[in-house]
Ligand code: ARG
Ligand code: ASP
């Protein structure tokens, strides 16, 4: 049985009748780590294959078909390294391959043979090879340490040691120690990596991104958010950087596609790499999110996007260079606004407070717990009271470099410059320069890729204005020293960006960074400013480290005592490690008097198209095929159409994008890519009543490939 949260228990009583048509287990939350599959209750819920077919240590299972693609998930769907994932997961690589003339982003990309496949720049693949619980090794090392900084440093050092050791034992893997519960449990994962990834088939933008930001995080949805990539390795089967001589990778396992799709109420499950959830946190954390982080970041990203959109509005090249940044911002900002709405809607803060109060009473009622955890909740409170005092400063610091590209350039250059200045002789400075210059140039080029002077200037001005207005503990000494008011801050920011030579990429790369001597002699007002700001940030980083150590201990205790209180084992929050979640294809009622069905169809694309909005434009070929009822074998009879997107009550989050959705037999029937607006709050609290995720139905993928994009080779390769 999966574990049930408080609200579900309360609802369970009167939902019994409504649910009685299900012979399956109660659907509820759970992103199960592979080690916990046996207590997930999969068989009872409807799984027809054996759990061992999914995962069986040392043997081959479905998990071996799973990959992590940069921040997303994907799966192998042929024995020649073909991968299916989302369009939005390949987006940055497609953008990098696109120019105003060869605009693959807009027009899509179909490689009719292997020679035509192109490098997917920036995309890297990881495959989970094995794992091992290392909690004892780490926690023993800190058992007698009470200083928070020392504690956190020791944990990190121990993690690195274990990683090094694992990579030494098996040089073909990359290791990583993941914190499953903060301060409480740790698992070492071994990963295989693949560096050469190529674009195979990308639908055009008005399919892959149909509905744009208007439809993002929204159901009903009609997006063809899928793409096909291929993994390549060298002739010996080893991971290698992109090379013409590389060959398609042969995965241990690939998923079988079921072209018949699913029906309402069918059992389904998802394997994937969910990124981060925050369910095992106290009430104060939710308050911090609600009062500080969510409003701050969503407003900032909103502002940034308005500046970037303005900058690119009459110039396709500028627009393309900013497209990925804009899209990422838009995605986060809408998610955060969804969370803000959801937090109010379910009043999670008050539920959490009640939970914490009940926990406090429980601790006091048991002498042995009182002894050990008697101060815990007061200490948690003190921690958050302190961190609230400079929450704005922290958010500002965490966002300043990603907001202002030139300041980031200044930071990276200053760093090398400062190291060079410390060297005793010109020779050793030269050596150090040679050792680091390529890395630095790569980082700078990446920053310049999405740099636009006008947008940068305006965004920096806003950041500075904000910082000037900070009061009390939020103040930054370097900004106070500028002695500017609001208006002057604007002027200062505008001029410093306008006049900085760092805005000239070629000059920076070829002249400033020509050699150690040139770099040491180079001066710029923006470099000076960054240098002073750096002192503030550096000082604050030490305090952040101390707090991290405090929180690590507190959260370890908090979860430990909560497990005793609720008398059950928790499932850890998502942390980018491989997880399984299951549920059913299912509609829901997000608002009074509404019911949303779990399938959308081609009809809906036509309807949205009729609104005449640019984000709902779609290819004429779809209209023609629709009018001719050219649905082929992809038709679902009772819908009278091809299903486009599907809705289900599984437990997913960011990072689950591109995850294969599988039926009871472990066959792929769709690809996960989003959640409904109300489910953005999943990250804090999952609930069967509002948690719904969205996937693209495999029948729509096959239909578009077959009837619209002439990519029948894909069907053939997947054995359809
Ligand atoms: N909301 C989905 C996810 O979080 C899809 C994102 C696609 N990006 C977008 N900006 N529409 O990633
Ligand atoms: N779209 C998300 C992703 O990219 C999935 C989600 O947040 O539900 O992983």
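For the chain, adding -39500 (n - 2.57) for each run of n ≥ 4 DSSP H residues and dividing by the number of residues yields -14500 deg cm²/dmol at 222 nm. Compute the FRET efficiency between residue 341 and residue 446 as 1/(1 + (r/R0)^6), taking r as their Cβ-Cβ distance and R0 = 25 Å, and round to the nearest 0.05. My answer for the efficiency is 0.15.
Here residue 606 and residue 712 are evaluated by their C-beta separation; at R0 = 30 Å the FRET efficiency comes out at 0.75.
Normalised by the number of residues in the chain, the average gap of Cα pairs under 8 Å and 6 or more apart makes the relative contact order 23 percent. Extension gain for residue 35-residue 288 works out to 87.9 nm (0.36 nm per residue, less the C-alpha to C-alpha distance). Legend: calculated FRET efficiency, residue 234 to residue 532, from the Cβ-Cβ distance at R0 = 56 Å, rounded to 0.05, equals 0.70. The alpha carbons of region 71-151 give a radius of gyration and a Dmax of 21.4, 63 Å, in that order. The distance from the alpha carbon centre of region 49-111 to that of region 515-538 is 42 Å, rounded to a whole number. Counting only Cα atoms, the size of the chain along its three principal axes is 74, 73, 55 Å, in decreasing order. The modelled label-to-label distance for the pair residue 495/residue 153, using points 7 Å beyond Cα in the direction of Cβ, is 4.3 nm.
Size of region 97-199: Rg and Dmax of its alpha carbons, in Å, are 20.7, 63. Placing a label point 7 Å from the Cα of residue 80 along the Cα-to-Cβ direction, the residues of region 187-222 whose backbone N falls under 15 Å of that point are 198-201.
The distance from the alpha carbon centre of region 394-470 to that of region 142-172 is 30 Å, rounded to a whole number.
For region 622-663, taking Cα atoms only, Rg and Dmax work out to 14.3, 38 Å respectively. All alpha carbon pair distances within region 310-369 were sorted into 5 Å bins beginning at 0; the resulting P(r) in whole percents reads 4, 14, 12, 10, 10, 9, 8, 8, 7, 5, 4, 4, 3, 1, 0. Shown for region 580-663 is the translational diffusion coefficient from the Stokes-Einstein equation, using the Kirkwood radius over Cα pairs, a temperature of 25 °C and a viscosity of 0.890 mPa s: 162 µm²/s. Estimated at 0.36 nm per residue, the fully extended path between residue 161 and residue 263 surpasses their Cα-Cα distance by 31.8 nm. Taking the three principal axes of the alpha carbon atoms in region 537-632, the coordinate ranges are 65, 43, 32 Å, sorted in descending order.
Coordinate range of the alpha-carbon atoms in region 630-704 per principal axis, descending: 43, 22, 22 Å. Each label was represented as a point 7 Å from its Cα along the Cα-to-Cβ direction; for residue 143 and residue 627 these points are 7.7 nm apart.
Can you work out the PRE-style zone for residue 53? Point 7 Å along Cα to Cβ, and I want the residues of region 680-720 with backbone N under 19 Å. In region 680-720, the label zone of residue 53 (backbone N under 19 Å from the point 7 Å along Cα→Cβ) covers 719-720. Here the simple spin-label model places points 7 Å from the Cα toward Cβ, and for residue 545 and residue 317 these points are separated by 4.4 nm. Note on region 404-509: the C-alpha convex hull projects to 8.0 nm² when averaged across all orientations.
Length gained on full extension, residue 597 to residue 520: 21.3 nm, using 0.36 nm per residue less the C-alpha separation.
Rg/Rh, computed from the Cα trace of region 444-597 with Rh as the Kirkwood radius, has the value 1.17.
No value in this document is a laboratory result; all are computed from the given coordinates. All values derive from a computational prediction rather than experimental measurement. Using ideal geometry, Cβ is built from the backbone for each residue, glycine included, and neighbour counts are taken over all protein chains shown.
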